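In what follows, a structure is listed as structure tokens, so that the remarks can point back to it.
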Amino acid sequence: MGPEAQATTTDKSSSRVLVIGAGAAGLVAALELCREGLEVVVYEQLKEVGGVWIYSPEIESDPLGLDPRRNRVHSSMYQHLRTNLPREIMGYLDFPFLPLPKQGRDERRFPRHEEVNLYLRDFAEHNDILGLIELGVEVEYVGVLGGKDIALSDDRNLKWLVRSRKVGEVDQVREEVFDAVVICNGHYAEPKVVSIPGIERWPGFHMHSHNYRVPDPFKDKVVVIIGNANSGGDISKEVATVAKEVHISARTWPVEQQSVSEGGPRKNIWHHPLVERAYESGTVKFEDGKTAKAESIIQCTGYFYSFPFLDAQGLISVEDGRVAPLYKHLFVPSLGPSLSFVGLPSKVVPFPLFQAQMKWIAKLLSGKLTLPPPTVMMAEVEKFYQDIEAKGIPRYQTLKIGIHSYEYVDWLLEQCGEEPAESWRKEIYLTTGVNRRLRPDYRDCWQDQELLEIATASLRELAK
Ligand code: FAD
């Protein structure tokens, strides 16, 4: 066997796998790895499982989330958040997220965040994976054992040195060796902020949506919201219920929708192009010359991918929203399956995608499947990046797979010898997207009732 082929095989005899994080990705990672007979441990820095679905009223000491010394709060959930995906497609592939007629449960199609947290807990309990999870343990370092220079070495039987620490116990660093590490650390905790000329002298309150919890602080205020994706769309409507005026600035508005009133019950939401400058007087000027005398700015401008614990010897870079090079959005070609990144694609239906990714990773780690040689994977990754550039897709959208997400899920399932995802999932994904664009009340009014009934019947069958 040549060195290239060696790089793709795994010693299956005694594989011990570390999963970092016990959010939706880490929980299903633990399940799929167990299903393949691997020895699994999950380290989670928080005191409970659920990741972003654990709501906390606490916010960070730096409301913009930029100061590296700030106290960290993992979750970006706001108090009144309801899901932006309907529950029937949101749940994992084989653990239906059906409404439960029990006290304390939210039976709506687009439930509140507490319901998702309870669903994740049900999933973990039902599949008996809570015992694999060590809570309150932060992973501080992951690197190749022995400091081996991976780029120069032909030995692909890598092992990973991991340093972790019980949260709050400064001196107690634990050092261990794992055969594989599955990174499920989430990507909604490191705020991305756009720079605004003049902001240093602008006197108002400036924050990122990561630290938004409730609309109350914005009562009777003039608020500029930057960004109109999921968080920006939700937060602007919620803030508008109490604020005097809400001015949403986004690069996505078509020209005819800029600087116009969105209407809404209080007719106090305005659309604008990008912010050009902020002034000492409190004025915020938009690129079309219109202005607002604002008291607050909320940046709903997204998040950075971040792996502060990872020492991958420069073999992976995180730049402008692209984590590269990654084969099938999961593996660094030269490192093979022993290091994987779960859940990076955005604008997807996350839980089923995590599960499909994990099924493939688990089969690769158990040795039932193998990856192509590194050179083949690398060539494919490079071609993918070239295609993106040729299509004029900006680099920061490399992992935004949106409409292609079900092709990706089906491809992963096919590798594992499984049937593609049910067609109603894809149809509901599309109908929900259309409804969301057309109706601010898409969570309570929909036109795809027939599809919902097909989905519910199919999920009830699965749940039997
Ligand atoms: P997370 O849930 O972030 O979990 C990562 C875990 O890793 C955390 O528990 C964290 O504490 C832990 N961790 C991180 N670093 C370390 C470390 N060094 N050591 C130990 N533990 C560590 N998705 C939907 O499907 N529907 C929705 O309606 C929806 N709404 C959303 C609304 C908001 C505001 C946000 C932010 C996201 C929303 N999402 C939604 C997407 C959501 O992020 C995914 O559904 C999913 O929950 C992400 O799971 P994850 O496991 O990848 O990440």
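Partner lysines whose Cα lies under 22 Å from the Cα of residue 267, excluding those fewer than 8 positions away in the same chain, are identified as 219, 221, 237, 244, 285, 290, 293.
Ranking of 20, 393 by neighbouring Cβ atoms within 10 Å, starting from the fewest: 393, 20. Listed by chain and number, the aspartates and glutamates whose alpha-carbon sits under 12 Å from that of residue 47, ignoring those within fewer than 8 places in the same chain, are 134, 138.
The eigenvalues of the Cα gyration tensor, multiplied by 5 and square-rooted, give region 22-71 an equivalent ellipsoid with semi-axes of 31, 11, 8 Å from largest to smallest.
Count Lys and Arg as plus one, Asp and Glu as minus one, and take only other residues whose Cβ is under 12 Å from that of residue 289; the net charge is then 0. A simple count of charges around residue 35, restricted to other residues whose Cβ falls under 14 Å of its Cβ and scoring Lys, Arg +1 and Asp, Glu -1, yields -3.
Counting neighbouring Cβ atoms within 10 Å and putting the fewest first, the residues 351, 205 line up as 205, 351.
The largest-to-smallest principal axis extents of the Cα set in region 200-321 are 53, 31, 29 Å. Only Cα sites of region 294-334 enter the Debye sum here, all with the same form factor; the resulting log10 I(q)/I(0) across q = 0.17, 0.23, 0.27, 0.30 1/Å is -0.56, -0.83, -1.04, -1.17, listed in q order. For region 419-464, the alpha-carbon coordinates run over 35, 20, 14 Å along the three principal axes, in decreasing order. Whole-Hz Karplus values for region 52-67 come out as 4, 7, 8, 6, 9, x, 5, 10, 7, 5, 9, x, 7, x, 9, 5 Hz, taken residue by residue from phi with 6.51 cos²θ - 1.76 cosθ + 1.60 and θ = phi - 60°; glycine and proline positions read x. With a ≥ b ≥ c the root eigenvalues of the C-alpha gyration tensor of region 182-254, is it rounded (a/c under 1.5), prolate (a/b larger than b/c) or oblate? Judged from the Cα gyration tensor, region 182-254 comes out prolate (a/c at least 1.5, a/b above b/c). Panel note: the C-alpha atoms of region 83-142, placed on their principal axes, show extents of 41, 23, 23 Å (largest first).
Around the amide H of residue 262, modelled in the peptide plane, lie the amide H atoms of 269, 270, 271, all under 5 Å away and 5 or more residues distant in sequence or on another chain. Amide H to amide H, with H built 1.01 Å from N, residue 64 comes under 5 Å of 208, counting only residues 5 or more places away or on other chains. Using only alpha-carbon positions in the chain, the gyration tensor eigenvalues give semi-axes of 38, 27, 22 Å once each is multiplied by 5 and square-rooted (largest first).
Angle of helix 230-240 to the longest C-alpha principal axis of the chain, folded into 0 to 90 degrees and rounded to 10: 30°. Averaged across orientations, what area in nm² does the convex hull of the alpha carbons in region 43-142 project? Computed as one quarter of the Cα hull surface, the answer is 8.2 nm². Shown for region 317-464 is the translational diffusion coefficient from the Stokes-Einstein equation, using the Kirkwood radius over Cα pairs, a temperature of 20 °C and a viscosity of 1.002 mPa s: 125 µm²/s.
Radius of gyration over Kirkwood radius for region 279-366, both on Cα atoms: the Rg/Rh ratio is 1.21. Backbone amide hydrogens, once placed in the peptide plane, bring residue 16 within less than 5 Å of 179, 180, excluding anything fewer than 5 places away on its chain.
Counting beta carbons within 10 Å around each of 244, 159, 102 and listing the fewest first gives the order 102, 244, 159.
Rounded to the nearest 10 degrees, the inclination of helix 423-438 to the longest alpha-carbon principal axis of the chain is 20 degrees.
Per-residue Karplus couplings for region 341-356, computed as 6.51 cos²θ - 1.76 cosθ + 1.60 with θ equal to phi - 60°, are listed in order as 10, 9, x, 6, x, 10, 6, 10, 9, x, 4, x, 5, 4, 5, 5 Hz, Gly and Pro entered as x.
Helix 374-390 against the longest principal axis of the chain: what's the angle in degrees, Cα atoms only, rounded to the nearest 10? On a 0 to 90 degree scale, this one is about 20.
Read-outs throughout are calculated quantities, based only on the coordinates presented, and are distinct from any laboratory measurement. The shown structure was predicted, so the numbers you read here are calculated from the model rather than taken from an experiment. All Cβ positions, glycine included, derive from the backbone under ideal geometry; neighbour counts span all protein chains shown.
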